[in-house]
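**Student:** Sharing a structure here in structure tokens format.
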Amino acid sequence: MDGMSGNAWLPLMVVASALLPGLIIFGLPEEKVRLRTVLNLTGAFAKIIFTGWMLWGVYHGYQYEIRVAFLPGLDLALRADSLSLLFIALSSVLWLLTTVYAIGYLEGSPHRSRFFGFFSLCVTSTSGVAMSGNLITFLVFYELLTLVTYPLVVHRGTEAARRAGQIYLTYTISGGALLLFGVIWLYSITGTLEFSPQGILYDLDTAYYPALIAIFALLIAGLGVKAALVPLHGWLPEAMVAPAPVSALLHAVAVVKAGAFGIARVVYDIYGIDFAAELGVTGPLAALAAITILYGSLRALAQDNLKRRLAFSTVSQVSYITLGVAIVGPLATIGGVVHLVHQGLMKITLFFCAGNLAETLGIHKVREMNGVGRRMPWTMAAFTLGAFGMIGVPPVAGFISKWYLGLGALESGENWVIPVLIGSSLLNAAYFLPVLHRAWFRDPPDSWPVTRDTVRDLGDKETAWALLLPPVITALLALFAGLLASAWFSPLEWVQLIAQRAFHHP
Amino acid sequence: MDGIIFLQWAFDAVLGLGLLWLAWRALNSSDLFKAIVLFIAFGLLMALAWVRLNASDVALAEAAIGAGLTGALLLAALARLETMTDQNVSGVSAHPAHPPSPTPAGSRFSRGLLILLLSASTAGMGYAVWSLPSYSTGLSMDVAAHLDSSGVSNPVTAVLLNFRSYDTLLEMIVLLLAVLGVWSLDGLPPQPEKPPATVLETLSRFLTPVFILVAAYLLWVGADAPGGAFQAGSVLGATGVLLLLSGWRPRARLMQWPLRLALTTGAGAFILLGLLTLLLEKQLLAYPVAQAGRMILLLESLATVSIAATLAILFLSVSSGHKMKTGKEEKE
Amino acid sequence: MTNAFLYAFAGIGLFVLGLHALVVHAHVLRKILAVNVMGSGVFLVLVALARRSGEATSDPVPHAMVITGIVVAVSATALALALMLKLAGKSGEAVLPGKHND
Amino acid sequence: MTATDYAAACLFILGGIFFFAGTAGLLRFPDVYTRLHALTKADNVGLGLIVAGLVLQAESWLVAGKLLLIWLLVLFAGACVAHLVARRALRKGIRIWTE
Amino acid sequence: MLIGLLNIDWGVITIMLPLAGGIACVLWPAMSKPAGLISVTGVVLAIAGLGWRIMENGTYRHAVGGWGAPLGIDLFADGLSLVMLIMTALVGLGISFYAKRFFSPCDAVRFWPIWLLLLAALNALFLSADIFNLYVALEMTGLAAVALTALTGRIDALGGAMRYLLATLLGSLAYLLGVVLLYHDAGSVDIATLAQRIEPNAAVWTALGLMSAGLALKTALFPLSFWLPPAHASAPAPVSALLSALVIKASFYILLRLWLELFGAFAEGVSMLLGLLGAAAILWGSLQALRQTRIKLLVAYSTVAQIGYLFLIYPLALVSNGMAASMAAYLAFSHALAKSAMFLAAGNLMQFGGHDRIADLDRAVQRLPLTVAAFALAGVSIMGLPPSSGFVGKWLLLDAAMSQGRWDLAVVMIIGGLLAAGYIFKVLGYAFTQAEVPHDARAVPAEMEWAALLLAIGAILLGFMAPQIFALIHPDLAVNASEAGTVWTA
């Protein structure tokens, strides 16, 4: 499967395409708006181009890898395989859209150079997490992700932001410490941390099994913080105090997905799905994921603040991925991994719309959303599409992943998963439909809390084009991902390629 | 003959115990002035001990620097302290030993623990010293072997100025550092000048030439008999202290770069000579055997000047807070 | 000639006496005295042990070391005294500020 | 033990006695002035006798000269220091002992 | 010409140049700043020459005075001392550029000569192979450090300097008594000769105890670290950077050298004790740092904690896997860069806001971005989070601990990292937020901000140069499968 020698610099270019603009932007004085926008967009486009190139390459079996000597016996390795490319594709597309959205959103607000600098660094670390070839590289970029997202959480500079930052750090830093402890313990047993298709632990003798279970618990705890598994999800709702583009890209896509992606990597490429099942750790993981799904949806019901409701919905939705990974079987894997993309598309749409509502009409609470559909039709249309996707209504992408999850559960005999899926879909409906009903079928109040006093008069237009376009695009993407699921370029096809490589390795 | 051995034993025992007793009284006497005077007596007794261990070079150094100069510095500092803190530190207010700040009960316990710990370590060190192999040549054989090619016949000066001259270079730098450190603290409030006593003036006027002669003699004789740069330097320094005590102050212009040159001449000579030998002999401070004696004498004389200037300036700074004008206004 | 050991033990005694005084006393001048006494103690041990095997010519290297040590001690004492005076000048008393723990 | 050795030994003993007298005076006398008096007088004479004894044993005139120089210096310094201490004592107001 | 350049005695020049510079500063006070900068850059070049020479023909040995080891004094430099010299040179260069703008003219005249002599003392110490010579160099370093600590003349600085002076003198005397015992046991003060002659008897054990205690006191290992916070916190910023980054590393280096060459073979129990004290230092130092309300005290207590990491090397690496030298050098270098950057950043914040209370940092991140970036990057290295050199050092220690089953030390290290994150982000959190009472601000010169930032970036970049440093210290040990350097497999 090695194919002819692909060139090694591509993975590096993907990381650099986000890193270089970021570093340059840090140095830019505040008023250089045009230059900053140009830099951001060129970086985003470059990343998409390189990702596309590698997608085509990996599809044809090329191998892209670059190794740098880092520690005695360990290298920093960036390797683009099918699973990592899925995540990079998602993050590069959404990075472009979020950059456009952020430019519109932060019009005229202070410290934008600092914001976009850390924004690009965050995408750099996300692509690093995606392309890490071994667990040490993963750990490096995983911790880097924490460090570069903290300034974005405390960007506003208010006392509330600082306290939210402290909570965010307490969770993520201690999660990182647990992960480090697990990785170092694993390294002392196995002597290597390379990701390999059928894992590296299957040939260890049984004396190590209790240690391996403990290590699994540590790794999952470390990754669970970012994947917002139940006991460790506390930071996600608090981090909503950050500006909308931050909560959109980071807390719905980059950070949360890094955790779920990490769990997938550990289960598939370190333990190997069969060895993990044999070890008996996939059962508890699936149970934990299920609990998180239900708990997240229940808490979302009670949230009046729109962004906190979406945050709890994220907590529950991300656990679909963990559930898919934890259920042993190709179909469940497909369902879980493809949900990584689908949830990303849908959730970012919802957060964009929430941002629009807050920015344009000053709406933060659900009860203030009466009749907002008439005032901002396109935004609410996108919101509705996203909501339907979340609930699992057929044409939108969410349905596909839930469908495959159900099939996978049946295929591997985990029947208890079906009621969980159905229950969570009902709960999703329970906390999304009232919002839609209030937006479309209630008459608007006489005056909105605050209208955006943009210098350029909005007049009849809904909001700035930069705020409107991204949610619509992501909503359409979510729709097409569902409708054209079987087309060769759709995420589902690509995930089937991943599952096929993960399960039927030579 | 065993009578003589017994007498020597008795003398050494008395001297050893005397040292310990004086040290104990000096450290724990109720009055600071008494403590310093006892410390000076302790220094002189130490000089006697060095003579008994026939380390006459060290005896000279101890008497001149250890007892003499350190004593003068301590007395000058105490005088400054009293005028500064006005409360009579040496009077009745200072009870024998300040108990450490924890409550008396705690202090007794911690003091007991401390004494226990110290006595245990004393026993340990005593046993270690006692169990040392009875015969060890040390380096005296090597020194004797290379003495003739070292340019001097006094082994101690040979070691100080030739075999381990690198140590002496670093030591000159330590002296320079002391002066620089004291200068950087030179914000001490100046001491009111006391009227000079006529008798002291005549004493110092008479003694100065004798001291300079003795210092030169010590420097010269250092090549083959106990003496050398440090002893000569300290005697010369003592002359400076005596002059300072009798109210003499160097002219202001002299206190500028000439003083700085005097202070750094010792270390500077070492460095220049070192680099010179590095170029010629490929080894730092490796004097060619022929000129070794002459080079050592040059180094020693410059070192003497440097040591004397350093000790005198240290005394001046401690005793009367002299200000080192650096041409820039004093930031205070 | 074992009377060299006598001086060695006296040296150790001085070292320990000085250490005790350094820890116990609060007044800085006493601490400086204690450090000097400890220094003398260590030098005494150094030269005394060189004489323990009783041969005629004494080993010059310890003597050179002690002379170096004495000069270092006097420079350290001078700096300590200047520091103490500056401290007393500023704080009115020659005791270490803050809680006195050694 | 030649004649000079015996003479030197006698001188040493005499010197010792004077030193003893000086120390006895130091301990017994009531105030600082009388102690100064005892010390400077007795110890200097004692030192003179010891130096004389050493001169007898000295092997060369140079050494003898140096010994005498030592004695002169001690005499000179002793006198000056005694004067200074007495002056300082008077300034500090220590009363002279009267019966 | 190249060969001529190669066998110049670079080691000697690294010592003589700053000495000459120091004396030049004393003789021409007005010229002290230029002379200082020239000397420091000269030292950096000389150490580069020394490094090149060691890479070419192995360890560097120079018999001063031409007499050879037992009688004369030898200058000796292997990989370990070379890395320590590089550390001193780079951190010294950064601090010198910072000090160029930090000190007022009359303070500068006092700072530069003492700093150059301190630099010479450090170089002499790292190059010396003679334990008595090490004593003189230690005293020289101690006196210079105390003089610099007391430069500002404020009461807390004087009190800190006095306590520091007494502690350092006590440590030196204990070390000297150890030297005395070793000399009389083996008849020589040269480390190489001693290594052959000594065997574990009572005198050597007592010498080991005394020297370890003395040097631990000078390195401020936990129970003996009472003197460090007041001294390092109250000294002027560049001086506290010097003290925390370089001066305490000198006595640590000597202790490590003695253990590697002399005591390592037979002193199992004592290394366990040092390890436990190190672990206690990590916890106590970090907890104290968490409680502080002023930045410089916080950074000083963080030094006490980081020293604990350094002392963990004794139980973990000294006896077993022989990587002790490279791990110690790497950890010391990483801590030096990070800690000096932190103290310089704290200095900038003090000059900027006129105070260093953490709670009133008042949006320092907008108005002083480079300094807060320096503090953050250095903090990342102190916390041991990737991609910094602190992480690499912590990883090596953890790896050693896990492979020997020392769970307790591994857990302590992890908790230490968490606590460090606690106090570093406490400062950063306030740097981002707006304090209640806005403060007027004074401008901070650009050189000072860039000096701190470059040192912090150095601490991060060092994280990617671990294989090169290990190859320097263990040339024979094959570092990892791929040869040291980047490997681009297609």
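The values are calculated or read from the model by the stated rules, or taken from the named source; none is laboratory data. For clarity, every value in this text was computed on a predicted model and none was experimentally measured. As a convention, Cβ positions derive from the backbone with ideal geometry for all residues, glycine included, and neighbour counts pool all protein chains shown.
**Student:** Based on this model, can you work out whether A:ASP81 counts as acidic (Asp, Glu) and surrounded by 22 or more Cβ atoms within 10 Å (Cβ to Cβ)?
**Tutor:** Numbers: acidic (Asp, Glu): yes; surrounded by 22 or more Cβ atoms within 10 Å (Cβ to Cβ): no.
So A:ASP81 fails the test.
**Student:** Just to be sure I understand, how many residues within segment A:100-147 are touching an Asp or Glu at 6+ places or on another chain (Cβ under 7 Å), part of a helix (DSSP H, G or I) and among the small types (Gly, Ala, Ser)?
**Tutor:** Counting residues in segment A:100-147 that are touching an Asp or Glu at 6+ places or on another chain (Cβ under 7 Å), part of a helix (DSSP H, G or I) and among the small types (Gly, Ala, Ser) gives 1.
**Student:** With the requirement that a residue be among the hydrophobic types (A, V, I, L, M, F, W, C) and closer than 22 Å to E:ARG357 by Cα, what does segment E:243-259 give you?
**Tutor:** E:LEU243
**Student:** If only one of A:LEU135, A:LEU218 is surrounded by 22 or more Cβ atoms within 10 Å (Cβ to Cβ) and either aliphatic (A, V, I, L, M) or without any contact (Cβ under 8 Å) to a residue 60 or more places away in the chain (or both), which one is it?
**Tutor:** On inspection, the qualifying residue turns out to be A:LEU135.
Residue-wise test of (1) touching a strand residue (DSSP E or B) at 6+ places or on another chain (Cβ under 8 Å); (2) buried (at least 22 other Cβ atoms within 10 Å of the Cβ); (3) not polar (S, T, N, Q); (4) not in a loop (DSSP other than H, G, I, E, B).
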{"residue": "E:ALA328", "(1), (2), (3), (4)": "no, yes, yes, yes"}
{"residue": "E:GLN351", "(1), (2), (3), (4)": "no, no, no, yes"}
{"residue": "E:LEU370", "(1), (2), (3), (4)": "no, no, yes, yes"}
{"residue": "E:ALA378", "(1), (2), (3), (4)": "no, yes, yes, yes"}
{"residue": "E:ALA400", "(1), (2), (3), (4)": "no, yes, yes, yes"}
{"residue": "E:GLY405", "(1), (2), (3), (4)": "no, no, yes, no"}
{"residue": "E:ASP408", "(1), (2), (3), (4)": "no, no, yes, yes"}
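Table: residues versus (1) among the basic types (Lys, Arg); (2) within 9 Å of chain B (Cβ to nearest Cβ); (3) surrounded by fewer than 24 Cβ atoms within 10 Å (Cβ to Cβ); (4) under 21 Å from E:GLY22 (Cβ atoms).
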{"position": "E:ARG154", "(1), (2), (3), (4)": "yes, no, yes, no"}
{"position": "E:LEU165", "(1), (2), (3), (4)": "no, no, no, yes"}
{"position": "E:PRO236", "(1), (2), (3), (4)": "no, no, yes, yes"}
{"position": "E:LEU242", "(1), (2), (3), (4)": "no, no, no, yes"}
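**Student:** Something else now. Residue by residue through segment B:11-23, note down the ones that are within 21 Å of the chain's Cα centre (by Cα) and within 9 Å of another protein chain (Cβ to nearest Cβ).
**Tutor:** Of segment B:11-23, the ones within 21 Å of the chain's Cα centre (by Cα) are B:19-20, B:22-23.
Residues satisfying the conditions are B:LEU19, B:LEU20, B:ALA23.
**Student:** I would also like to ask the following. Just give me the residues in segment C:10-64 being more than 7 Å from chain B (Cβ to nearest Cβ), more than 14 Å from the chain's Cα centre (by Cα) and part of a helix (DSSP H, G or I), in sequence order.
**Tutor:** Selection gives C:VAL28, C:PRO62.
**Student:** Next question. Can you name every residue in segment B:275-310 that is of a type outside the set (A, V, I, L, M), crowded, with 24+ Cβ neighbours inside 10 Å and assigned to a helix (DSSP H, G or I)?
**Tutor:** As a first pass, look at segment B:275-310 and keep what is of a type outside the set (A, V, I, L, M): B:277, B:281-283, B:287-288, B:291, B:293-294, B:300-301, B:304, B:306, B:310.
Subset that is crowded, with 24+ Cβ neighbours inside 10 Å: B:287, B:300, B:304, B:306, B:310.
Once the filter is applied, which keeps residues that are of a type outside the set (A, V, I, L, M), crowded, with 24+ Cβ neighbours inside 10 Å and assigned to a helix (DSSP H, G or I), segment B:275-310 yields B:GLU300, B:THR304, B:SER306, B:THR310.
**Student:** Can you tell me which residue among A:LEU78, A:LEU23, A:LEU35, A:LEU86 is within 14 Å of another protein chain (Cβ to nearest Cβ), modelled with pLDDT of 85 or more and in a helix (DSSP H, G or I)? Let's see the steps before the verdict.
**Tutor:** Details: A:LEU78 fails: in a helix (DSSP H, G or I); A:LEU35 fails: within 14 Å of another protein chain (Cβ to nearest Cβ); A:LEU86 fails: within 14 Å of another protein chain (Cβ to nearest Cβ).
Step by step, each of A:LEU78, A:LEU23, A:LEU35, A:LEU86 is checked, and only A:LEU23 is within 14 Å of another protein chain (Cβ to nearest Cβ), modelled with pLDDT of 85 or more and in a helix (DSSP H, G or I).
**Student:** Name the residues in segment B:146-174 that are within 8 Å of chain C (Cβ to nearest Cβ) and aliphatic (A, V, I, L, M), would you?
**Tutor:** Within segment B:146-174, B:VAL156, B:ALA158, B:VAL159, B:LEU160, B:VAL174 meet the criteria.
**Student:** Something else now. Restricting to segment B:239-297, give me the number of residues that are over 27 Å from E:LEU17 (Cβ atoms) and not basic (Lys, Arg).
**Tutor:** Residues that pass the stated criteria total 18.
**Student:** Does segment B:255-266 contain any residue that is over 20 Å from B:SER301 (Cβ atoms) and assigned to a helix (DSSP H, G or I)?
**Tutor:** Within segment B:255-266, the first condition is being over 20 Å from B:SER301 (Cβ atoms), and the residues that meet it are B:255-257.
Restricting the remaining residues to those that are assigned to a helix (DSSP H, G or I) gives B:255, B:257.
There is at least one residue in segment B:255-266 that is over 20 Å from B:SER301 (Cβ atoms) and assigned to a helix (DSSP H, G or I).
**Student:** Considering A:TYR187, A:TYR209, A:TYR202, which residue is at negative phi, part of a helix (DSSP H, G or I) and at pLDDT below 90?
**Tutor:** A:TYR209
**Student:** Also, quick follow-up: Out of all the residues in segment B:51-82, which are hydrophobic (A, V, I, L, M, F, W, C), over 17 Å from C:VAL72 (Cα atoms) and either at the interface with chain C (Cβ under 7 Å from one of its Cβ atoms) or surrounded by fewer than 22 Cβ atoms within 10 Å (Cβ to Cβ) (or both)?
**Tutor:** The initial filter retains those residues of segment B:51-82 that are hydrophobic (A, V, I, L, M, F, W, C), namely B:51, B:53, B:55, B:58-61, B:63-65, B:67, B:69, B:72-79, B:81.
If we keep only those that are over 17 Å from C:VAL72 (Cα atoms) too, we end up with B:51, B:53, B:55, B:75-79, B:81.
B:VAL51, B:LEU53, B:ALA55, B:LEU75, B:ALA77, B:LEU78, B:ALA79, B:LEU81, listed by residue number.
**Student:** Does E:PRO315 satisfy the condition of being closer than 18 Å to E:LEU461 by Cα and more than 20 Å from the chain's Cα centre (by Cα)?
**Tutor:** no
**Student:** Can you confirm whether E:ALA250 is touching a Leu at 6+ places or on another chain (Cβ under 7 Å), crowded, with 22+ Cβ neighbours inside 10 Å and of a type in the set (Gly, Ala, Ser)?
**Tutor:** The answer is yes for E:ALA250.
**Student:** Enumerate the pairs (first residue in segment E:70-81 and more than 10 Å from chain B (Cβ to nearest Cβ); second residue anywhere and assigned to a strand (DSSP E or B) and buried (at least 22 other Cβ atoms within 10 Å of the Cβ)) with beta-carbon separation below 8 Å, excluding pairs fewer than 6 apart on the same chain, so at least 6 apart or on different chains.
**Tutor:** Qualifying pairs under 8 Å: E:PHE76/E:SER128.
**Student:** Inspect segment E:189-196 for any residue being more than 27 Å from the chain's Cα centre (by Cα) and not aromatic (Phe, Trp, Tyr) and give the result as yes or no. I'd like the intermediate steps shown before the answer.
**Tutor:** Taking segment E:189-196 first, the residues more than 27 Å from the chain's Cα centre (by Cα) are E:193, E:196.
Now restrict to residues that are not aromatic (Phe, Trp, Tyr): E:193, E:196.
Within segment E:189-196 (the criterion being more than 27 Å from the chain's Cα centre (by Cα) and not aromatic (Phe, Trp, Tyr)), the answer is yes, since at least one residue qualifies.
**Student:** Does segment A:94-106 contain at least one residue that is over 20 Å from the mean Cα position of the chain (by Cα), of a type in the set (Val, Ile, Thr) and farther than 24 Å from E:PRO387 by Cβ?
**Tutor:** yes
**Student:** Restricting the search to segment A:33-77, which residues are within 22 Å of A:ILE88 (Cα to Cα) and in contact with a Pro (Cβ under 8 Å, 6 or more places away or on another chain)?
**Tutor:** A:LEU39, A:ASN40, A:THR42, A:GLY43, A:MET54, A:TYR64, A:GLU65, A:ILE66
**Student:** One residue is enough: does segment E:35-46 have a residue meeting the conditions without any contact (Cβ under 8 Å) to a residue 24 or more places away in the chain and assigned to a helix (DSSP H, G or I)?
**Tutor:** Yes, there is a match, as at least one residue in segment E:35-46 is without any contact (Cβ under 8 Å) to a residue 24 or more places away in the chain and assigned to a helix (DSSP H, G or I).
**Student:** Next question. Is one or more of the residues making up segment B:83-94 in a helix (DSSP H, G or I), within 14 Å of chain E (Cβ to nearest Cβ) and either closer than 20 Å to C:VAL95 by Cα or modelled with pLDDT under 85 (or both)? Let's see the steps before the verdict.
**Tutor:** Start the filter on segment B:83-94 by keeping residues that are in a helix (DSSP H, G or I), which leaves B:83-85.
Now drop any that are not within 14 Å of chain E (Cβ to nearest Cβ), which leaves B:84.
Filter once more, so that each one left must be either closer than 20 Å to C:VAL95 by Cα or modelled with pLDDT under 85 (or both): B:84.
Scanning segment B:83-94 turns up at least one residue that is in a helix (DSSP H, G or I), within 14 Å of chain E (Cβ to nearest Cβ) and either closer than 20 Å to C:VAL95 by Cα or modelled with pLDDT under 85 (or both).
**Student:** Which number in (1) more than 30 Å from B:PRO155 (Cα to Cα); (2) in contact (Cβ under 8 Å) with a residue 24 or more places away in the chain; (3) not acidic (Asp, Glu) marks the one condition that B:LEU48 misses?
**Tutor:** Here B:LEU48 clears every test but (1).
**Student:** Right, next: Yes or no: segment B:169-185 includes at least one residue that is among the charged types (D, E, K, R), part of a helix (DSSP H, G or I) and modelled with pLDDT of 85 or more. Break it down stepwise before answering.
**Tutor:** We begin by selecting, within segment B:169-185, every residue among the charged types (D, E, K, R); these are B:171.
When the remaining residues are screened for being part of a helix (DSSP H, G or I), the result is B:171.
Checking the rest, the ones that are also modelled with pLDDT of 85 or more come to B:171.
Yes, some residue in segment B:169-185 is among the charged types (D, E, K, R), part of a helix (DSSP H, G or I) and modelled with pLDDT of 85 or more.
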